[in-house]
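Okay, so here's the structure we're looking at.
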Amino acid sequence: MTVEESNAPRTDDTTDGTTDGTTDEVREALAAIGATAVPTSRACLALAKAHRSAGSPRRSAQWAFAATDAATSGAGADFAAWLGADRVWRSVREQLPPAPRAARVAVLGSYTTTQFTQLLPLACARAGVDVEVYECGYGLFRAELLDPTSGLHAFAPDVIVLAVEESAVDLPARSDDPEASVEAELTRWTSLWDTARSRFGARVVQHDVVVPADVALGHLADQTPGSRHWMLRRFSERLGELAGTAAGQGVGIVDCERLASTVGKRTWTDARYVHAAKQAVALGCVPLLAQHTAAVIGAQYGRSRKCLVLDLDNTLWGGILGELGPHGIEIGHGARGEAFTAFQRYVLDLKEKGVVLAICSKNDEAHVREAFEQNPEMLLSLDDVAVLEAGWGDKPTAVRSIARTLGIGEDSLVFVDDNPAEREAVRELLPDVDVVALPREPAGYVAALADYPFFETEALTAEDAARTAQYKARARAVEVRENAGTLEEYLASLDMHADVADLGPDDLARVAQLLGKTNQFNLTTRRHSRADVEAMAQDPAWTGQVVRVRDRFADHGIVGVLLARRDGDVLDVDSWLLSCRVIGRTVEDEMFGVLVRTADSLGCTSLRGTYVPSAKNSQVAGLYERLGFEQVGRDGSSTVWTLELPAAVSTPGLVRVEVAQRVIDLRDVPSARLDDEQKVEVSR
């Protein structure tokens, strides 16, 4: 598909429900986009304005977001282009579909944050979170947190951004006990985290400090532990460590030291702005800070992208496979070959953090497999790839097929291709898919992908490291299903096992992750944080269960969560969700059976559940009714259901279930529960 074909007039129900507005102004703007390998921010902004004039608000916003991507790179950012994109986005904002998430965000700064606060709503909208922003007065961040009469308390934030710089860190010029000085200062900052969580139940985004470039001690500073320079480095290191521990639950770190290093510290902090306006971050770097802060907030709200879809020819290797053969492609040798090797290495690093890899290539599949299996210079193997789509059809259709095979939304995909026409076809026909533009020179591929910030995650779990294998197993299971005679035969052939256990300390990160991002099988889509989950686990009124599933293809890890609170003789289901990996496998029926037995063991006489409809969970709209519940109430679009106990439970018996009820340290388990060693098999 050419760029011209992809922009033929049509009605597109996936966007605005209006004609796409292929006016002369749009055509001229598209021509400017296609003139370079990587579109400029100004070209993207012109196209955003053209689509706005043509009456296509969603496409206008899409290209305004693309302008922010193009205007933010490792070399700094175009502040004026961001302002232009912000104006376009705000002008069409009311005509756009609701963002997947919404939050009240408070920015508490130790310096002037006016420009940062202005751009943060646009940056967060790009990350899929609609935000209302509150800005505290200059340098009043501690007072606002501690004063119950402050504007911050009236605002009641969901997220608190601590936008601070190094002068706010109370470390001396020299210390005889530098480690003690650092730890004492860390206590002051973690106490702010505690205050934010205890008073507001808020998530925290902490800006790490940038160590100044101007050091009187010079290179000797690194050899002088008692110097402020050394202590600031140690402070930043320890701050990140603490954010990854129990003390930092619900805290995300923006690594400003790394961001400043990419642009140069004298670019990041302009002394003129510091002295004239108390603005620690130069105007040209404010968009970069806003973008990465939004990426961390998006990760906290489950808006991280899951899957990287990669082209092959001149993307993962140099040259055309069909012309050069598996041993003739450029990889591993020479300047270009080494650049492709470096890109493959970076892609593998993304896989290790949990990004699922897929391939979408116009090639014969047999030739693709030969290249992976026969070329010894390939770092990536087909075992690293969850889905391989190789053929001669159009790429938007292939990308859509990848999403279906993996069972994830198109808004979870990121598409990378060296061909601008292919990128434009995907961007045009699949507007929810993010598209990363690659420069003409492959040496710039790593930086182009590294500049893309929306693979951020709130935490790394064991399931993240194994994600590609799990989704690859899902793809194999889909293939088996297509060849099965009946659904029952297919499910039985999977040889599924489910381990159900009480929520334990080691499960907190994964449970919070699932609560934050699971959409399709999620009865209420309540987005509890890790701190919330831990509080539930410590409260004897709550019961929490996690479900691990394995089949003959893979161990999928924790894929199911059920949180319920005892209210008198009623067990009220707060959250019930399943990962998309196991939807449709009758695991939900087995979870229901365990839920009924749990309620009975607690002495409850009824179950209560609520269904809160969302844009993506319609498939569970009839779940409670199917399981025998009776609707007893309605609150707006939400419905309330109850089931009197005891109740007959009949499960399909296609999953072999083992329930391990164990005593854990986080809470007092009711005496009716079994010991750690007692395991009851409840399914045949």
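The values are calculated or read from the model by the stated rules, or taken from the named source; none is laboratory data. Bear in mind that the values here come from a model prediction, so they are computed numbers and not experimental data. Using ideal geometry, Cβ is built from the backbone for each residue, glycine included, and neighbour counts are taken over all protein chains shown. Protein only, heavy atoms only, side chains kept; ligands, DNA and RNA dropped before computing areas. Shrake-Rupley method; radii C 1.70, N 1.55, O 1.52, S 1.80 Å.
Using θ = phi - 60° and the Karplus curve 6.51 cos²θ - 1.76 cosθ + 1.60, what whole-Hz ³J(HN,Hα) does each residue of the stretch 113-125 get, with Gly and Pro shown as x?
Here the 3J(HN,Hα) series is 10, 4, 5, 4, 5, 5, 8, 4, x, 4, 4, 6, 4 Hz.
Ignoring any ligand, DNA or RNA, what whole percent of the accessible area of the stretch 226-349 comes from carbon and sulfur when the probe is 1.4 angstrom?
Details: 2410 of 4530 Å².
Heavy-atom surface of the stretch 226-349 belonging to carbon and sulfur, 1.4 Å probe: 53 percent.
Pop out the carbon and sulfur fraction of the accessible area of the stretch 498-619 as a percent, whole number, probe 1.4 Å.
Working: 1640 of 3600 Å².
The nonpolar share, carbon plus sulfur, comes to 45 percent.
Net charge within 11 Å of residue 262 by Cβ-Cβ distance, Lys/Arg positive one each and Asp/Glu negative one each, not counting residue 262 itself?
So the surrounding residues net to -1.
About the Cα centre of the chain, what is the dipole size in debye to 20, counting +1 per Lys and Arg Cβ and -1 per Asp and Glu Cβ, all else neutral?
Working: 71 positive and 100 negative charges, 238 e Å.
My answer is approximately 1140 debye.
When all alpha-carbon pairs of the stretch 168-321 are counted, what percent fall beyond 20 Å?
Numbers: 7243 of 11781 pairs.
It works out to 61 percent of all Cα pairs.
Set the Förster radius R0 to 35 Å, insert the Cβ-Cβ distance between residue 614 and residue 495 as r into 1/(1 + (r/R0)^6), and round the FRET efficiency to 0.05.
Values: r = 33 Å, r/R0 = 0.94.
Computed FRET efficiency for residue 614 and residue 495: 0.60.
So for the chain, if I pair up every lysine 8 or more residues apart or on another chain, how many of those pairs have alpha-carbons under 18 Å apart?
Within the chain, the lysine pair count is 11.
Determine the percent antiparallel among the DSSP beta bridges restricted to the chain, to the nearest 5. Please list the in-between numbers first.
On the way: 43 of 91 bridges.
Counting only bridges with both partners in the chain, antiparallel ones make up about 45 percent.
With every protein chain left in place, what is the accessible area per residue of the stretch 133-220 in square angstrom, probe 1.4 Å? Before the final figure, lay out the partial values.
On the way: 4000 Å² over 88 residues.
Heavy-atom SASA per residue in the stretch 133-220 reads 45 Å².
Just report the Cα centroid separation between the stretch 564-614 and the stretch 76-94, whole Å.
45
Note down the net charge around residue 41, summing +1 for each Lys or Arg and -1 for each Asp or Glu among other residues with Cβ under 11 Å from its Cβ. Show your work: numbers first, answer last.
Details: positive: 42; negative: 69, 78.
With Lys, Arg at +1 and Asp, Glu at -1, the net is -1.
Measure off, as a whole percent, the carbon and sulfur share of the 1.4 Å-probe accessible area of the stretch 387-435, all protein chains present. Please list the in-between numbers first.
Working: 620 of 1390 Å².
Heavy-atom surface of the stretch 387-435 belonging to carbon and sulfur, 1.4 Å probe: 45 percent.
Per-residue HN-Hα couplings for the stretch 62-72, Karplus 6.51 cos²θ - 1.76 cosθ + 1.60 at θ = phi - 60°, whole Hz, x for Gly and Pro?
4, 7, 5, 5, 4, 5, 5, 4, 5, 8, 10
Given points 7 Å out from each Cα along the Cα-Cβ axis, report the residue 634 to residue 222 separation in nanometres with one decimal.
The answer from the label model is 6.8 nm.
For the stretch 218-298, what does the alpha-carbon gyration tensor say about shape, rounded, prolate or oblate, given a ≥ b ≥ c as the root eigenvalues, a/c under 1.5 as rounded, and a/b over b/c as prolate? The partial results should precede the final answer.
Numbers: a/c = 2.21, a/b = 1.04, b/c = 2.12.
Oblate.
Near residue 324, within a Cβ-to-Cβ distance under 10 Å, what is the net charge of the other residues, with Lys and Arg +1 and Asp and Glu -1? Present the calculation step by step, with values, prior to reporting the outcome.
Numbers: positive: none; negative: 313, 323, 330.
Here the count lands on -3.
Once you have the Cα-Cα distance between residue 367 and residue 91, take 0.36 nm times their residue separation minus that, and quote the gain in nm to one decimal.
On the way: separation 276, 0.36 × 276 = 99.36 nm, distance 4.90 nm.
Result: 94.5 nm gained on full extension.
Mind pulling the per residue volume of the convex hull built on the Cα atoms of the chain? Å³ is fine.
On the way: hull volume 126.0 nm³, N = 684.
In the chain, the Cα convex hull volume per residue is 184 Å³.
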